[in-house]
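Note sheet for the following structure.
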Amino acid sequence: MKTLSGLFDSRADATEAIDDLIERGIPRHDISVVSHAAAGWYDEDSKEEAGAETGAGIGALAGSAGGLLAGLGVLAIPGIGELVAAGWLLSTAAGAAAGAIIGGAAGGLVAWLMDHDIDEQDAHVFAEGLKRGGTLVTVRVLEPKAISAEAIFLKHRVDIAARRDDLNADGWVRFDDHVPADSAPETRLAADRRDG
């Protein structure tokens, strides 16, 4: 089994990639989504009151990928705010790694991403992308489907190397969960969100 991940600036791009993966025969249970709550993946009114204080509320997945899962977990991450997660990654977030993320352990989010086959350099860019409102889609695929899944990600996702270069040009070095998202240097992602 191979794990592939893509960062998406818009919910529409992430949803299109998920729909394409499902059309190519990737089982829904092998697809996961992690997104900044501001991206609108869940209905605020459907969060369970009891879970809201702990960051584990469950909502309904919105959009054309609605059949992906019955619900999502909401995690309150220091330095980022609320992240929503759905799929097999959510179950891993319920374990010990989530304690480090939610508890604010240094590098907790980056370490969690690295535990899911994302190399350290890219994990910092993914974490920064999530902090700035992006969406991470991760898929587990058998080798025969890996090429088509990679092609789908290439069609829709952010070019991580180019994003890293853009961030570095703005003075960014690495993800820092102690720097609030609203004080981070603006990137194309923030500009695109305002324009779109």
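When you scan segment 13-38, how many residues do you find that are more than 15 Å from G87 (Cβ to Cβ) and assigned to a strand (DSSP E or B)? Break it down into steps so the answer makes sense when it comes.
Here is the first cut: in segment 13-38, the ones more than 15 Å from G87 (Cβ to Cβ) are 13, 16, 20, 23-25, 36-38.
Checking which are assigned to a strand (DSSP E or B) leaves us with 36.
Going through segment 13-38 one residue at a time, the tally reaches 1.
Being touching a residue at least 60 places away in the same chain (Cβ under 8 Å) and of a type in the set (D, E) is the filter here, so list the residues in segment 135-178 that pass it.
E143, E150, D176, D177
Report yes if some residue within segment 141-149 is touching a Gly at 6+ places or on another chain (Cβ under 7 Å), surrounded by 23 or more Cβ atoms within 10 Å (Cβ to Cβ), under 17 Å from T15 (Cα atoms) and aliphatic (A, V, I, L, M); otherwise report no.
Looking through segment 141-149, none of the residues is touching a Gly at 6+ places or on another chain (Cβ under 7 Å), surrounded by 23 or more Cβ atoms within 10 Å (Cβ to Cβ), under 17 Å from T15 (Cα atoms) and aliphatic (A, V, I, L, M).
Please determine, by comparing only the residues of segment 160-184 that are more than 16 Å from the chain's Cα centre (by Cα), assigned to a loop (DSSP other than H, G, I, E, B) and within 21 Å of L83 (Cβ to Cβ), which one is modelled with the lowest pLDDT. So that I can check it myself, show each step before the final result.
Taking segment 160-184 as the starting set, the residues that turn out to be more than 16 Å from the chain's Cα centre (by Cα) are 161-162, 164-174, 176, 178-180, 182-184.
Next, only the ones that are assigned to a loop (DSSP other than H, G, I, E, B) stay: 170-174, 176, 178-180, 184.
Then keep just the ones that are within 21 Å of L83 (Cβ to Cβ); that gives 172, 174, 176, 178-180, 184.
Numbers: W172: 93, R174: 90, D176: 83, H178: 74, V179: 75, P180: 66, A184: 50.
Only one residue tops the list, namely A184.
The values are calculated or read from the model by the stated rules, or taken from the named source; none is laboratory data. Just so it is clear, the structure is predicted and the values come from calculations on it, not from any experiment. Cβ sites come from the backbone with ideal geometry, for glycine too, and all protein chains shown count toward neighbours.
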